[in-house]
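A.B. asks: I'd like to ask you about the structure that follows.
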Amino acid sequence: MGQPRTALVIGGGIAGVTSAYALARDGWKVRLIERGEDIAQGASLGNGRQLSYSHTNALGSPAIIQQIPGLLMGRNDAFRLSLRPDLRFFEWLVRFMGNSTGSAYRRNTLETLALAQESRVAMDRLLETHGIEFDRRKAGKLVLLRGDKEVRWARDSMELKQRAGLRQHLLSAEEATEIEPALAQSPDPITGALFAPDDETGNCNLFASELARVIERDYGAELSTASEAVSLERGNGETRVSLGNGETFTADQVVVASGYCASQLLAPLGHSLPITPMKGYSFTAPIGNAPPEVSITDSRRRIVFTRSSDRMLVAGIAEIGTLDMRVEPNTRHRIHCPFPSSKSLSCLVNQPPLGQVSHHECC
């Protein structure tokens, strides 16, 4: 038998770990390279912990084009766009606007939905093979709607996805409150909600960490943490990866899963990737007195609420184009908690520090 094919995966977040698993499962000899001290400590730690197989609406849409002047001027506390003098950023912005037409929005939403459904099948198969525990719960998902305009938008979105086979329902405020009684405590009434009964929740960081152990133990993969890839070179059918500590590795295939940093790493090889970061914030707190059981998304405020074991995770705010990873001291004033009876949540929303900063990628 010949030597196994070799692969290097750059980036130890959820995308990198699952890529390493897929390669190792298919017989590749894999090394995973992560610049942090441990696996999944970036966006995979600070995300909303929602397996949102239904929430696939493309960010680019005709509605968001109308909002761009306000986003640039900071009129929306939950959603901002920061310009910076970077050619790759402006290339991303042009392509983003080109993907914000009505036809592009529908196409991208359906293509993401198809990928989400494949992901659900793949997750079920993986868990049948490897009994990973990561606080997975089929909680369902409610997307809160305020005003007739949001309800009309939600109905159009639902009908588009239903034609593609998704189970999703448009509920009245009363029906939504029957499913999630915590909504009755909100001082900000809702008009209705979209309900996806098949959506789930789970701890992304825990899942990625446990899967990394699986590929080490069961498939012989090697993990290199605290190791930052600084350059790539191609030649003689292989790719050479140089690390910041002076080490080099070669492989038949390299997977770059380092988020918005990928564009800088791949640029010398002639790849122009229109990727820009989206900065968000999250924190966890005790669940309080009357916490929501169902996964909640407040689209207008860009906030999600996810119960995970005896903790509630609150994640939100979208700052497109922001590279600074620091927590801004005034950010805590921009998060509104609609569950005042959850005293521990309301307290922590108003106390610094807010918590984890999470970078997510927009393509």
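A.B. asks: Looking at (1) within 24 Å of the chain's Cα centre (by Cα); (2) at pLDDT 85 or above; (3) surrounded by fewer than 18 Cβ atoms within 10 Å (Cβ to Cβ), find the lone condition where P268 falls short.
C.D. replies: Failed condition: (1).
For (1) out of contact with any Pro (no Cβ under 7 Å at 6 or more places or on another chain); (2) crowded, with 16+ Cβ neighbours inside 10 Å; (3) among the hydrophobic types (A, V, I, L, M, F, W, C), each residue gets a yes or a no:
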| residue | (1), (2), (3) |
| --- | --- |
| A208 | yes, yes, yes |
| D218 | yes, no, no |
| V230 | yes, no, yes |
| R234 | yes, no, no |
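A.B. asks: Could you tell me how many of the residues in the stretch 254-268 are in contact with a strand residue (DSSP E or B) (Cβ under 8 Å, 6 or more places away or on another chain) and not aliphatic (A, V, I, L, M)?
C.D. replies: Total satisfying the criteria: 4.
A.B. asks: Which members of the stretch 298-311 meet the condition of being assigned to a strand (DSSP E or B) and surrounded by fewer than 24 Cβ atoms within 10 Å (Cβ to Cβ)?
C.D. replies: Answer for the stretch 298-311, where residues must be assigned to a strand (DSSP E or B) and surrounded by fewer than 24 Cβ atoms within 10 Å (Cβ to Cβ): D298, R307, S308, R311.
A.B. asks: Still on this structure, please answer the following. Quick check on the stretch 21-39. Is at least one of its residues in contact (Cβ under 8 Å) with a residue 12 or more places away in the chain, in contact with a strand residue (DSSP E or B) (Cβ under 6 Å, 6 or more places away or on another chain), surrounded by 15 or more Cβ atoms within 10 Å (Cβ to Cβ) and not hydrophobic (A, V, I, L, M, F, W, C)?
C.D. replies: Yes, because at least one residue in the stretch 21-39 is in contact (Cβ under 8 Å) with a residue 12 or more places away in the chain, in contact with a strand residue (DSSP E or B) (Cβ under 6 Å, 6 or more places away or on another chain), surrounded by 15 or more Cβ atoms within 10 Å (Cβ to Cβ) and not hydrophobic (A, V, I, L, M, F, W, C).
A.B. asks: Further, regarding this structure: Can you tell which of I179, I190 is among the β-branched types (V, I, T), in contact with a helix residue (DSSP H, G or I) (Cβ under 7 Å, 6 or more places away or on another chain) and within 15 Å of T297 (Cβ to Cβ)?
C.D. replies: I190
A.B. asks: If I filter the stretch 136-148 for residues that are closer than 30 Å to S186 by Cα, more than 20 Å from the chain's Cα centre (by Cα) and assigned to a helix (DSSP H, G or I), do I get at least one hit?
C.D. replies: Yes; the residues of the stretch 136-148 include at least one that is closer than 30 Å to S186 by Cα, more than 20 Å from the chain's Cα centre (by Cα) and assigned to a helix (DSSP H, G or I).
A.B. asks: A7: hydrophobic (A, V, I, L, M, F, W, C), closer than 30 Å to E233 by Cα, touching a Lys or Arg at 6+ places or on another chain (Cβ under 9 Å) and not in a helix (DSSP H, G or I), yes or no?
C.D. replies: yes
A.B. asks: Same structure again: Just to check your reading of the model, which residue among R80, R84, R49, R106 is surrounded by 14 or more Cβ atoms within 10 Å (Cβ to Cβ), of a type in the set (K, R) and within 30 Å of A226 (Cβ to Cβ)?
C.D. replies: So the residue among R80, R84, R49, R106 that is surrounded by 14 or more Cβ atoms within 10 Å (Cβ to Cβ), of a type in the set (K, R) and within 30 Å of A226 (Cβ to Cβ) is R49.
A.B. asks: Just to be sure I understand the filter: pairs with C-beta atoms under 6 Å, separated by 6 or more residues or on different chains, first member in the stretch 308-331 and among the hydroxyl-bearing types (S, T, Y), second member modelled with pLDDT of 85 or more. Which pairs pass?
C.D. replies: S308/R49; S308/D135; S308/N203; S309/D135; T322/K279; T331/Y281
A.B. asks: Do the conditions hold for R95, that is, is it surrounded by fewer than 23 Cβ atoms within 10 Å (Cβ to Cβ), part of a helix (DSSP H, G or I), touching a residue at least 24 places away in the same chain (Cβ under 8 Å) and basic (K, R)?
C.D. replies: yes
A.B. asks: Right, here's the next one. Please tell me if D252 is surrounded by fewer than 21 Cβ atoms within 10 Å (Cβ to Cβ), at pLDDT below 80 and over 22 Å from A139 (Cβ atoms).
C.D. replies: Here the answer is no, as D252 does not meet what is asked.
One line per residue, one yes/no per condition, for (1) in contact with a Leu (Cβ under 6 Å, 6 or more places away or on another chain); (2) over 15 Å from E200 (Cα atoms); (3) touching a residue at least 40 places away in the same chain (Cβ under 8 Å); (4) surrounded by 14 or more Cβ atoms within 10 Å (Cβ to Cβ):
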site	(1), (2), (3), (4)
L110	no, yes, yes, yes
L127	no, no, no, yes
K138	no, no, yes, no
L142	no, no, yes, yes
R146	no, yes, yes, yes
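A.B. asks: Another question, if that's okay. Looking only at the stretch 19-76, count how many residues are part of a loop (DSSP other than H, G, I, E, B) and touching a Lys or Arg at 6+ places or on another chain (Cβ under 8 Å).
C.D. replies: The number of residues fulfilling the criteria is 8.
A.B. asks: Consider F283 carefully, then state whether it is more than 19 Å from A63 (Cα to Cα), touching a Gly at 6+ places or on another chain (Cβ under 7 Å) and assigned to a strand (DSSP E or B).
C.D. replies: Criteria met by F283.
A.B. asks: Still on this model: Out of S209, S103, S172, which single residue is within 27 Å of A290 (Cα to Cα), of a type in the set (S, T, Y) and modelled with pLDDT of 95 or more?
C.D. replies: Going through S209, S103, S172 in turn, the sole match is S172.
A.B. asks: Another question, then. If we keep just the residues of the stretch 202-249 that are in a strand (DSSP E or B) and among the aliphatic types (A, V, I, L, M), which is farthest from G270 (Cα to Cα)?
C.D. replies: L223
The values are calculated or read from the model by the stated rules, or taken from the named source; none is laboratory data. Since this is a predicted model, take the numbers as computed values, not measurements. FYI the Cβ positions are ideal-geometry reconstructions off the backbone, even for glycines, and counts take in every protein chain you see.
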